[in-house]
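Report on one structure; see the data block that follows.
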Amino acid sequence: MADAILVVNAGSSSIKFSLFVSRAGSLCMVIRGQIEGLFTNPRFVAKDDAGAVVSEKSWGDGTQLGHAGALDHLAGFIRGELAEHRLVGVGHRVVHGGLEYTQPVRVDARVVTELEKFVPLAPLHQPHNLTPIRLLLERQPGLAQVACFDTSFHRTNPEIAQRFAIPADLHDAGVRRYGFHGLSYEYIASVLPQHDARAAGGKTVVLHLGNGASMCALASGKSVASTMGFTAVDGLPMGTRCGAIDPGVILYLMDQRGMDARAIEKLIYNQSGLLGVSGISSDMRTLLASDDLRAKLAIDLYVYRIRRELGSLVAALGGLDAIVFTAGIGENSPEIRERVLNDAEWLGVKIDRHANADGGPRISAADSRVAAWAIPTNEELMIARHTQRLLRH
Ligand code: ADP
């Protein structure tokens, strides 16, 4: 009987999952899907590796399925799918591992209590990431669980890169730059040697451009700096998040507009970024297809901020061998990649327009001093690999 690993990514209103099986020594994703609208209009869909729907269910408008109900349904579905396999463990994406968790960890009740300490650092995500872990510990105590963190990969950043210029007692209390999207960067670092040995051993900037967006500087495959900070709202403008903003703006909103923390949270996480600037959409495809000048401005600002952050990360690295694009926009938008690479010409990168239009993976010209790549990320596979590795020991 072959081993199977379930990967779970739980959010406030959805649970995404992927099922991996071990085949000839490597992990293959066989099914992925999600249950969304957990508290409003729950819908389950599961697809096979070719994207064909294998199971669907809707509970109807107004049903409060919640995380517990969703996990019950998922457990039943997985049991039905696993006739020839044995579920050996569940790997969870957990946003925050603080300073302590520099690696994934096998979870028990003590570890969950430790991870709850980080809820104040990521109140929008951490509680939801932990809910299925807690539920599974209660219901299936014999089932091994592993937590993989978005912050861990950045713990190799030098102290100075993690520091805000604020009084030491606040820094010591944990107000520092953590960095996020670590599982994506770790995956890219793990496959980079297959594409570009020079970049893997040298200086690379990776652009994770999805709904959330950030950039990471890799020196010999290790993170040395990134654009996200204390929270995942810092750095680049994103679908609905504002990215870096003068902290004085927050004070102004409180003092002059009477906004409280919740109202500001909504503004900077849900109403800003591409959506806020365009007033049209947070979806890059919609904006690229639009003739509206506000859509153009949103894209111009997005690309401009990438250009600025790229310069900053190259300065942190002290040079550049390669640029890697990944995630929804990075993998699928030749137009955004071309604009970013044209802006980066001064760094020694020369685009191959045909290769870029075809999706790469190499998208720089043969005589480009700095290589450019478009490489799909796979955070779920990274979690499955970590889970398998930890369960072996
Ligand atoms: P998440 O961070 O939620 O995982 P994704 O990595 O799936 O998000 O990225 C979503 C973003 O990718 C959206 O802005 C979407 O418009 C964009 N995207 C997907 N396909 C394309 C495409 N062909 N061209 C431009 N943008 C795309």
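The values are calculated or read from the model by the stated rules, or taken from the named source; none is laboratory data. Please read all numbers here as calculations on a predicted model, not as lab measurements. Backbone-built Cβ (ideal geometry, glycine too); neighbour counts: all protein chains shown. Ligands, DNA and RNA are stripped out before the accessible areas are found, and what is left, the full protein with its side chains, is counted by its heavy atoms. Shrake-Rupley method; radii C 1.70, N 1.55, O 1.52, S 1.80 Å.
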Of those in the stretch 284-299 that are part of a loop (DSSP other than H, G, I, E, B) and open to solvent by less than 60 Å² (accessible area, probe 1.4 Å), the residue farthest from residue 209 (Cα to Cα) is 292
Selection over the stretch 130-170 where residues are part of a helix (DSSP H, G or I) and open to solvent by 10 Å² or more (accessible area, probe 1.4 Å) yields a count of 17
Expected single match for among the hydrophobic types (A, V, I, L, M, F, W, C), surrounded by fewer than 13 Cβ atoms within 10 Å (Cβ to Cβ) and modelled with pLDDT of 95 or more among 53, 107, 90 is 53
Taking the stretch 193-212 and the residues there that are touching a Ser or Thr at 6+ places or on another chain (Cβ under 8 Å) and within 16 Å of the ligand (Cβ to nearest atom), the one that is farthest from residue 297 (Cα to Cα) would be 206
Checked pairs for the stretch 371-382, first in contact (Cβ under 8 Å) with a residue 40 or more places away in the chain, second open to solvent by 20 Å² or more (accessible area, probe 1.4 Å) and hydrophobic (A, V, I, L, M, F, W, C), C-beta under 7 Å and 6 or more apart or across chains, list as 372/351; 380/29; 381/27; 381/29
The lone condition residue 316 fails out of (1) away from the ligand (no atom under 13 Å from the Cβ); (2) out of contact with any strand residue (DSSP E or B) (no Cβ under 8 Å at 6 or more places or on another chain) is (2)
A careful count of residues in the stretch 253-266 that are under 21 Å from the mean Cα position of the chain (by Cα) and open to solvent by less than 100 Å² (accessible area, probe 1.4 Å) gives 1
- Does residue 250 satisfy the criteria of being open to solvent by 30 Å² or more (accessible area, probe 1.4 Å), outside any helix (DSSP H, G or I) and either more than 14 Å from the ligand (Cβ to nearest atom) or not charged (D, E, K, R) (or both)? no
So, first residue among the small types (Gly, Ala, Ser) in the stretch 153-182, second residue in a loop (DSSP other than H, G, I, E, B) and open to solvent by 20 Å² or more (accessible area, probe 1.4 Å), Cβ within less than 7 Å, six or more apart or across chains; the pairs are 161/177
For the stretch 328-381, the count of residues that are assigned to a helix (DSSP H, G or I), within 13 Å of the ligand (Cβ to nearest atom) and under 30 Å from residue 8 (Cβ atoms) equals 7
